[in-house]
1. Specify whether the C-alpha gyration tensor of segment 226-320 places it in the rounded, prolate or oblate class, a ≥ b ≥ c being the square roots of the eigenvalues: rounded for a/c under 1.5, otherwise prolate if a/b is larger than b/c and oblate if not.
2. Using 20 Å as the Cα-Cα cut-off, could you pick out the over-long pairs in K42/K369; K176/K217; K168/K220; K146/K217; K168/K217?
3. Roughly what % of DSSP beta bridges within segment 183-307 run antiparallel, to the nearest 5?
4. For the residue pair D10 and V75, what label-to-label distance in nm results when each label sits 7 Å from Cα along the Cα-to-beta-carbon direction?
5. Please give the charge dipole size of segment 111-238, origin at the Cα centre, charges +1 on K and R Cβ atoms and -1 on D and E Cβ atoms. Round to the nearest 20 debye.
6. What's the magnitude of the charge dipole for the chain around its Cα centre, counting Lys and Arg as +1 and Asp and Glu as -1 at the beta-carbon? Answer in Debye, nearest 20.
7. At K176 and Q53, where each label point lies 7 Å from the Cα along Cα→Cβ, what is the point-to-point distance in nanometres?
8. Keeping the other protein chains in place, figure out the carbon and sulfur percent of the accessible area of the chain, with a 1.4 Å probe.
Amino acid sequence: MSNTAELSEDLVRSTLATVRTPEGVALSVSPALSGVVVTAGKVYLSINIDPAQARAWEGVRAAAEDAVKAVPGVVSALVTLTAERKMAPPAPAPHAHGHGHGAPAPRGISVPGVASIIAVASGKGGVGKSTTSINLALALRDMGLKVGLLDADIYGPSVPRLSGVAQKPETTADGKTMIPLENFGLQLMSIGFLVEEETPMIWRGPMVMSAISQMLKEVKWGPLDVLVVDMPPGTGDAQLTMAQQVNLAGAVIVSTPQDLALIDARRGVAMFEKVNIPILGVVENMSHFICPHCGGRSDIFGHGGAHAEADKMGVPFLGEIPLNMRIREMSDAGLPIVVSDPQSPQAQAYRHVAEGVKAALDRVTAASKQAPRIVIE
Ligand code: ADP
């Protein structure tokens with residue numbers, strides 16, 4: 001068996017998870033990694049940096065070269081530090097409406113009036129992705145951001161139940177655009193608002209995408225700082241298409257600490273990395289159990305698995321949400337815990353996650369604003 005045949009860009013990228021940038025981020029997910037080319041066992045790689053930081057990056061460059069050379073099948077590896085040429089006037093910031101020359105090309109559907117779209121995803125259903133999405137959206141709102149929540153889990157829309165909103169959205173006067181519903185200061189849209197709950201929905205891949213793109217483009221969102229998208233669970237074609245076709249700023253992966261869920265979470269991370277969407281981080285849901293009677297803590301599924309896994313994959317760990325009866329009860333009552341009991345430790349846990357998401361989002365947004373005009377020095 002020839003190793004060369006298996007040498008792929010993905011394999012090379014994943015090798016770079018072991019190399020850390022001067023900020024301590026895995027190079028595999030760092031926005032500085034700007035180009036990987038693999039041809040006939042030869043690997044060329046460029047790292048785009050601020051020239052003032054060249055000294056700090058030289059070790060990273062050498063380590064990346066060594067790591068790639070050690071991959072079976074690699075004949076030669078060349079890693080270069082590249083810098084963006086200073087341009088005057090500065091490149092216009094990317095904007096939802098048309099994009100000026102020099103701004104990075106959007107990867108897919110962007111939504112007028114929405115600054116950043118983030119996906120909340122899970123490798124499988126039932127891990128608490130939707131519950132995390134709404135509480136994360138609310139915690140971001142509490143940080144002063146204007147936030148929307150799009151329920152793209154069209155196989156099992158849960159935003160109507162979680163938000164306690166059930167009416168049908170109105171359309172604009174021309175009848176072309178739907179006006180999102182609102183509750184708790186969040187703009188909300190879900191396929192569940194449009195069809196009866198009992199309606200059996202059998203979606204094929206292309207239909208999934210067209211429903212989602214409609215809910216992105218034909219809804220009068222905004223102005224919003226962040227649109228949180230509750231993704232369909234899993235890592236199949238529909239999810240991959242969506243990750244590819246929507247201009248996502250980044251993705252949050254929700255997992256439980258169980259080994260099996262972690263395998264799925266890993267697939268989730270890999271799916272987004274494949275289409276170059278930054279992973280904002282991993283959340284461990286149902287992390288530990290706090291007994292409502294005695295306050296004692298039990299690590300039912302073993303705890304810390306997602307943290308360890310995130311470290312291994314070189315992606316941020318955003319925090320732990322306890323397995324807690326009140327989270328479930330409040331969700332089912334349409335009163336997410338961040339709204340119904342904002343001072344509770346459970347709400348605090350979601351707030352901590354939201355802070356990590358915001359920080360990661362700021363990092364990736366800053367990185368993407370520096371339009372890569374790459375010059376090999
Ligand atoms: P998914 O979107 O991944 O399918 P949901 O968010 O719908 O998962 O959650 C599945 C079930 O688990 C729901 O009944 C929800 O209330 C419950 N749940 C989610 N997170 C927690 C938690 N941290 N503690 C207790 N119950 C939870």
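1. It is prolate, given that a/c is not under 1.5 and a/b is the larger ratio.
2. Check vs 20 Å cut-off fails for K42/K369.
3. Of those bridges, close to 40 percent are antiparallel.
4. 2.4 nm
5. 200 debye
6. For the chain, the charge dipole is close to 740 debye.
7. Modelled inter-label distance: 4.3 nm.
8. Summing carbon and sulfur atoms, their accessible area is 55 percent of the total for the chain.
The values are calculated or read from the model by the stated rules, or taken from the named source; none is laboratory data. Please read these numbers as outputs of a predicted model, since none were measured by experiment. Cβ coordinates were reconstructed from backbone atoms using ideal geometry, including for glycine residues, and neighbour counts include every protein chain displayed. All accessible areas refer to the heavy atoms of the entire protein, side chains included, with ligands and DNA or RNA removed. Shrake-Rupley method; radii C 1.70, N 1.55, O 1.52, S 1.80 Å.
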